[in-house]
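Colleague: Got a structure for you, questions after.
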Amino acid sequence: MSQSKNPSDRARAVPLACASVVLALLISHGTMLARQPVSPDILFLFLPNASFLREQLLQGALPLWNPLLLAGHPFLAELQTQVLYPPSLLFLLAPPERVLGPFLFAHLVWLGLGTWRLARYSGASRRAAVLAGLAAGLSPLAVEHYAHPNMLCGLSWVPWVWGSGRLLARRPTRRGMVLLGVLVACSVLAGSPELTLLALAGLAGCLWKRTRWTLGAVGLGAGLSAATWIPFLELLVRSDRGTGIGVGEATSFALSPAEVLDLALPFVRFGADRSGAQSFQSVLFVGASILLLAAFGLWRRKRLAVVCGVLVLLALGDAGGLFTAFHRWVPGAGLFRFPIKFLSPLPVLLALALASGFSAWERGRPATTRRPGAVFAMVGLLGACALAVAGAGAGWAVSLAWVGLMGGALLASRRLAPAPRGWAVAAVIVLECAVFQQGVGTLANRSGGAPCRPSPDFRPEGRVAYDIDWGRVDVAHRAEACEVGVPNANMAGGFAALEGFVVPAPAYVKRLVREEPERAAALLGAAVVVIDDEAKRAAYPGEVLFQNESYLAVRLGRPGRALLESGGERLELEPEVDTPSRLAFVLPRGGERLTVRDAWFPGWEAEADGRPVPVLEAEGLRAVALRGDERRVELRYRPGSFRTGLTVSLVSLGVLGLLCLRSGRRNHTRGNALMSQN
């Protein structure tokens, strides 16, 4: 009898777990489906990149190059642009500002479902696994990555990679290896190399005894995603990160020892003066109910506790000591910065610990009552306390009361029968995270209003230079920044010094814009410059185009896109064909050199009257040497790194198809053999 019930019970458990995770996330994060999230990364990087990607895909072009950023910059090679990431196709349905909410919400759901699957493969009961999925998707620390879309996308694949690794370690099959390879490829394409490396590190821990299967899966994943990561490596080597990052810069945005309290106590430092503290994440709270149950599980699973402790030490940067040694002695670690990113996998790891802790609770003391009234009374008090916190501010007393209330609710739930106990714990987690995030936490700070659009009065013709202090461009004065198109500088600006928000552009152009903005504006052919300080006005003679309380736009004139030089004379030219990856110029007369006011980067090829000619570097720009009788010059961006990566990816797709076909035939043969035996 028990064997006959198992398949049906399992069939009911899967949709029930999925429905529970989705419903809880809808309750907690539902507003994000309708409202545009807001953060500097979203305004300056993600939305402009998504808009450019949508525009190019709708035109039938694969965007390899973005001519609107830093006088031209590789686009597909930036992992954060997610050009080949399959969910990016959602941006074809509507403008990115409308799709962004559902896009991020879907990744939170995917994170929750992946953690539920990982918990099941780790030996947790069905109820404990569902609670683990809820804890990962609802944790304020995970939801904080609404501000960093590529990190949320990368995090959502971590539990899927780890779960498939555990499954492959238990039952090594060709199908399992193929699935793991696809998941590794998706993790790479999601655009967060730090989380991909952490996922692979956890995978090595799962599959250290299955070397052949591990190498096969990782090799397949690397091959499928090669069209993205091979160009990325070329960009990385030629950027100002190629020589490594100093320890001082790398440890910026590190968790301070005082901020460790924020992981456990939500309101001790809430609203306090955080000057000098990291500002990469506005919320560090894990969730009191999640942490209390996870602590019980960590006590039972010492290895998991050690991993969590190591990640916190790494996140402390210099204060922990471990990150400094890691950065100095591990090959390749000098390319990474922001130690606080090591906290990103904590929601998944703590969810696993919670599943272990709850499983122990299920085997604990017998139930004394089936009435959950005491539990829901405690949860009701939690809501009242949260409302008081929203109006009263922070403090030790409020934080300790919050944690004590959560502990009381969990203890009360332990007196229930097993099934009501699971529902009670789920209710405590959902209500705590929903109240915290909607009232005083992450989502309250990240929910934006209407999409950011430049003012109709600001209509520059030609390129725009931004000689401004980017530290002042924040969500607080978003409306003023929108008026001059600052958040859309990637799209409409031509070039901009987006310090801290993008992988560094070719080092010369980035340094020129940062250190000599006046010369950069002249060299790169800016027609308008946006200034945030009246003292800079004298450096830019010209007509005032637009002005508000914070910014001033000055018209400089409109130089040509290219400069034809011959016998000491110079002639400004505009392109006949002007697309992101192709430029064509018709020359009115012969010349010695044509200098295009776009950044030089390997991969650009040129033809003069159909004859291949080399593309030279001239002060960080592209130049073509001429014989003097040419009348047409054409430049195309055809990076060898992309062609190599695309070839590897296509071959890997063929291998994937063959493996799937062979696996299907083997299963069909086994099925026929079983039928013949019966």
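Colleague: List the number of the failed condition for residue 369; all other conditions in (1) buried (at least 20 other Cβ atoms within 10 Å of the Cβ); (2) at pLDDT below 75 hold.
Modeller: (1) is the only condition that residue 369 fails.
Colleague: When you scan segment 516-552, how many residues do you find that are open to solvent by less than 30 Å² (accessible area, probe 1.4 Å) and touching a Gly at 6+ places or on another chain (Cβ under 9 Å)?
Modeller: Count: 7.
Colleague: Has segment 266-279 got at least one residue that is over 23 Å from residue 197 (Cβ atoms), modelled with pLDDT of 75 or more and in contact with a Phe, Trp or Tyr (Cβ under 9 Å, 6 or more places away or on another chain)?
Modeller: Scanning segment 266-279, I find at least one residue that is over 23 Å from residue 197 (Cβ atoms), modelled with pLDDT of 75 or more and in contact with a Phe, Trp or Tyr (Cβ under 9 Å, 6 or more places away or on another chain), so the answer is yes.
Let's see how each residue does on (1) outside any loop (DSSP other than H, G, I, E, B); (2) over 21 Å from residue 197 (Cα atoms); (3) of a type in the set (Lys, Arg):
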{"site": "83", "(1), (2), (3)": "no, no, no"}
{"site": "101", "(1), (2), (3)": "yes, yes, no"}
{"site": "114", "(1), (2), (3)": "yes, no, no"}
{"site": "129", "(1), (2), (3)": "yes, yes, no"}
{"site": "132", "(1), (2), (3)": "yes, yes, no"}
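Colleague: Restricting the search to segment 341-358, which residues are assigned to a loop (DSSP other than H, G, I, E, B) and of a type in the set (S, T, N, Q)?
Modeller: If the condition is that a residue be assigned to a loop (DSSP other than H, G, I, E, B) and of a type in the set (S, T, N, Q), then 344 is the only one that fits.
Colleague: Is it the case that residue 555 is at pLDDT 85 or above, within 30 Å of residue 469 (Cβ to Cβ) and charged (D, E, K, R)?
Modeller: Yes; evaluated as a whole, the condition is true for this residue.
Colleague: Another one. What residue, of 555, 561, 611, is closer than 16 Å to residue 72 by Cα and open to solvent by 30 Å² or more (accessible area, probe 1.4 Å)?
Modeller: Matching residue, one of 555, 561, 611: 561.
Colleague: Another one. From the list 69, 100, 113, 108, which one is modelled with pLDDT under 95, more than 18 Å from the chain's Cα centre (by Cα) and more than 21 Å from residue 228 (Cα to Cα)?
Modeller: Criteria check complete, one pass: 113.
Colleague: Where in segment 279-340 are the helices (runs of 4 or more DSSP H), entirely inside, with at least 1 residues that are in contact (Cβ under 8 Å) with a residue 12 or more places away in the chain, open to solvent by less than 30 Å² (accessible area, probe 1.4 Å) and closer than 30 Å to residue 434 by Cβ?
Modeller: Correct list: 288-300, 302-315.
Colleague: Six or more apart or on different chains, Cβ atoms under 8 Å: show the pairs whose first residue is in segment 416-429 and under 17 Å from residue 355 (Cβ atoms) and among the polar types (S, T, N, Q) and whose second is in a loop (DSSP other than H, G, I, E, B) and open to solvent by less than 40 Å² (accessible area, probe 1.4 Å).
Modeller: Correct list of pairs: empty, since none qualify.
Colleague: A follow-up question, please. Please work out which one of (1) over 32 Å from the mean Cα position of the chain (by Cα); (2) free of Cβ contacts under 8 Å to residues at least 60 places away in the same chain is the condition residue 523 fails and give its number.
Modeller: (2)
Colleague: Going through 222, 254, 217 one at a time, which residue ends up being touching a helix residue (DSSP H, G or I) at 6+ places or on another chain (Cβ under 8 Å), of a type in the set (Gly, Ala, Ser), in a helix (DSSP H, G or I) and farther than 18 Å from residue 118 by Cβ?
Modeller: Working: 254 fails: in a helix (DSSP H, G or I); 217 fails: farther than 18 Å from residue 118 by Cβ.
Exactly one of 222, 254, 217 is touching a helix residue (DSSP H, G or I) at 6+ places or on another chain (Cβ under 8 Å), of a type in the set (Gly, Ala, Ser), in a helix (DSSP H, G or I) and farther than 18 Å from residue 118 by Cβ, namely 222.
Colleague: Could you please give the count of residues in segment 545-557 that are of a type in the set (A, V, I, L, M, F, W, C) and more than 12 Å from residue 459 (Cα to Cα)?
Modeller: Within segment 545-557, residues that are of a type in the set (A, V, I, L, M, F, W, C) and more than 12 Å from residue 459 (Cα to Cα) number 2.
The values are calculated or read from the model by the stated rules, or taken from the named source; none is laboratory data. Just so we're clear, the structure is a prediction, and the values are computed from it rather than from any experiment. Cβ: placed from backbone, ideal geometry, glycine included. Neighbour counts: every protein chain shown. Note: accessible area is taken over every heavy atom of the protein model, side chains too, but ligands, DNA and RNA are not part of it. Shrake-Rupley method; radii C 1.70, N 1.55, O 1.52, S 1.80 Å.
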